[in-house]
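For reference, the structure discussed in these notes is given below.
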Amino acid sequence: YPCFCSPEELSNIRENQTKAQERTGYYGKWAKCRNMPVDMAYEKIKNGDPYIIRLKSPGNPEKKIKIKDVIKGGVDMPENDQDIVIIKSDGLPTYHFAHAVDDHLMHTTLVTRSDEWLSSVPLHIQLFRILGFKVPKFAHTAPLEKTEDGARRKLSKRKDPEAAVSYYTEVGIPKEALKEYLMNIANSNFEIWRKQNPDKDMMKDFEFHLNKMGVSGALFDMVKLLDVAKGVISKFTAQEVYDFSYAWAEKFDSELKEMLDNKEYSLKVLGIERGNAKPRKDIAKWSDVKNIIYYMYPEKFANNTEFEYQKISDENEIKKIVAEYVNNYFDINDDKQTWFNKMKDLAEKLGYAREVKEYKANPEMYKGHVGDISTVIRVTLTGRANTPDLYEIIEVLGEKEVKDRLNAKAE
């Protein structure tokens with residue numbers, strides 16, 4: 001029916017409802033135009049009076065409607081009795097009306113939307129039935145949340161950068177990782193499925209069920225997302241890591257792009273500990289790559305000379321270890337086992353245990369163990385105590401660069 005109430009009249013209705021301690025809205029006795037005679041309405045329209053079209057609701061709020069939400073389960077709510085606007089004064093339909101008509105015409109069988117719309121379901125079911133349409137199923141998803149000052153709140157597209165897809169592009173988190181993480185919080189059984197099926201394609205093989213979604217808001221955990229991303233990227237080939245990080249660097253990091261321009265060498269660097277049974281998990285996003293691999297590039301490494309050597313910190317002892325290694329034990333042609341045996345020989349010669357367990361059994365007999373010796377070589381070559389496999393690093397750096405770095409310390 002047409003409604004001719006002005007904004008001022010609607011405001012007065014709300015004020016009177018508040019004074020009378022009644023629900024606000026346009027319904028029942030408060031619906032001023034609901035029972036206007038047709039000829040009066042016709043004359044007003046003919047005279048050019050502005051109007052909107054409202055639904056003449058048949059609902060009774062004293063009655064309950066039982067809703068079976070696919071995610072939230074059974075929910076009891078009062079019937080709708082509000083004479084809501086379905087056509088605005090400019091002739092355009094409201095969301096409520098358009099939702100019913102559009103979804104009917106598109107043969108929609110399941111409406112999935114945010115749970116802020118749950119309270120509108122009685123109205124929407126009423127609209128579908130009044131229009132003679134088949135009522136679809138509804139699934140209302142809980143919003144993602146985050147913690148702030150010890151309290152939880154809804155993730156905001158205005159306040160939180162991580163609410164925008166562009167954020168993940170800018171920091172370089174792969175879309176595959178984001179999908180994997182979102183599936184973790186979307187279906188309670190996904191994490192177990194992934195552990196049982198580490199190499200399967202979730203988009204093809206995982207059976208997603210709406211009824212396994214949480215009924216309350218999931219906490220968006222950036223730490224967990226980055227951990228998932230490390231696992232996802234660890235399964236990429238060196239070529240894939242190179243392609244993705246290079247494409248990212250072209251847009252966001254000119255220095256990294258310059259490093260990766262040496263493609264053949266960069267593929268070797270990114271291939272270290274990749275493709276193994278337990279591949280490296282040190283890259284969570286493409287913006288991490290530069291800091292993770294910089295020491296493999298001589299021109300970048302040369303700018304970093306102050307290193308922390310962990311357990312063995314005496315400068316003379318460090319020089320002695322490095323000099324002995326580069327002069328008497330280092331051979332670029334050694335296979336991995338031979339290389340490691342030589343590290344043990346070096347440790348024994350300098351008073352360190354060949355095995356960690358030997359040192360732990362009799363710590364007073366040794367200065368340390370072979371792990372401490374290899375850490376000195378590792379830090380000298382990379383500037384870091386924790387890196388991927390040292391043997392592979394040496395192989396990629398090459399004989400000249402390894403000797404240059406060792407000799408610089410041994411002098």
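Tell me, yes or no, whether region 372-392 has at least one residue that is open to solvent by less than 20 Å² (accessible area, probe 1.4 Å) and touching a strand residue (DSSP E or B) at 6+ places or on another chain (Cβ under 7 Å).
The answer is no; no qualifying residue exists.
Quick one: in region 383-410, of everything that is under 41 Å from the mean Cα position of the chain (by Cα) and at pLDDT below 95, which residue is nearest to PHE307 (Cα to Cα)?
Ranking the candidates gives GLY383 first.
Looking only at residues in region 6-38 that are in a loop (DSSP other than H, G, I, E, B) and hydroxyl-bearing (Ser, Thr, Tyr), which one is farthest from PRO58 (Cα to Cα)? Walk me through how you get there before you give the answer.
Initial filter on region 6-38 (in a loop (DSSP other than H, G, I, E, B)): 6, 20-27, 31-37.
Narrowing further to those that are hydroxyl-bearing (Ser, Thr, Tyr): 6, 24, 26-27.
Numbers: SER6: 24, THR24: 18, TYR26: 13, TYR27: 10 Å.
Once the filter is applied, the top-ranked residue is SER6.
Report whether or not LYS290 is open to solvent by 20 Å² or more (accessible area, probe 1.4 Å), modelled with pLDDT of 95 or more and closer than 18 Å to ALA385 by Cα.
Details: open to solvent by 20 Å² or more (accessible area, probe 1.4 Å): yes; modelled with pLDDT of 95 or more: yes; closer than 18 Å to ALA385 by Cα: yes.
Yes.
Starting from region 14-42, keep only residues that are under 17 Å from ILE86 (Cα atoms), then list their pairs with residues that are among the aromatic types (Phe, Trp, Tyr) and in a loop (DSSP other than H, G, I, E, B) whose Cβ atoms are within a distance under 7 Å, requiring at least 6 positions of separation or different chains.
CYS33/TYR1; CYS33/PHE4; ARG34/TYR1
Only one of these is of a type outside the set (Phe, Trp, Tyr) and under 33 Å from the mean Cα position of the chain (by Cα): ASP69, ASP49. Name it. Write out each step before concluding.
Values: ASP49 fails: under 33 Å from the mean Cα position of the chain (by Cα).
After applying the criteria, what remains is ASP69.
Any idea which residue in region 348-362 is surrounded by the fewest Cβ atoms within 10 Å (Cβ to Cβ), counting only those that are over 46 Å from the mean Cα position of the chain (by Cα) and over 20 Å from THR338 (Cβ atoms)?
Ranking the qualifying residues of region 348-362, first place goes to ASN362.
Taking region 257-292, which residues are more than 24 Å from GLU162 (Cα to Cα) and aliphatic (A, V, I, L, M)? Working first, answer last.
Going through region 257-292, the residues more than 24 Å from GLU162 (Cα to Cα) turn out to be 257-280.
The answer is MET259, LEU260, LEU267, VAL269, LEU270, ILE272, ALA277.
Can you list the strands (runs of 3 or more DSSP E) found entirely within region 63-181 that contain at least 3 residues being out of contact with any Pro (no Cβ under 7 Å at 6 or more places or on another chain)?
On the way: elements: 64-69, 73-78, 85-87, 110-114, 137-141, 145-148, 151-154.
Ranges flagged: 64-69, 73-78, 137-141, 145-148, 151-154.
Hey, among the residues in region 107-125 that are of a type in the set (Gly, Ala, Ser) and out of contact with any strand residue (DSSP E or B) (no Cβ under 7 Å at 6 or more places or on another chain), which one's surrounded by the fewest Cβ atoms within 10 Å (Cβ to Cβ)?
Applying the first criterion (of a type in the set (Gly, Ala, Ser)) to region 107-125 yields 114, 119-120.
So of that shortlist, the ones also out of contact with any strand residue (DSSP E or B) (no Cβ under 7 Å at 6 or more places or on another chain) come out as 119-120.
Working: SER119: 12, SER120: 19.
Residue satisfying both the conditions and the ranking: SER119.
The values are calculated or read from the model by the stated rules, or taken from the named source; none is laboratory data. Treat the numbers as computed from the prediction; the structure is a model and nothing was measured. Positions of Cβ are generated from backbone atoms using ideal geometry, with glycine treated the same way; all protein chains shown enter the neighbour counts. Remember, those area values only see protein heavy atoms, side chains included, never the ligands or the DNA or RNA. Shrake-Rupley method; radii C 1.70, N 1.55, O 1.52, S 1.80 Å.
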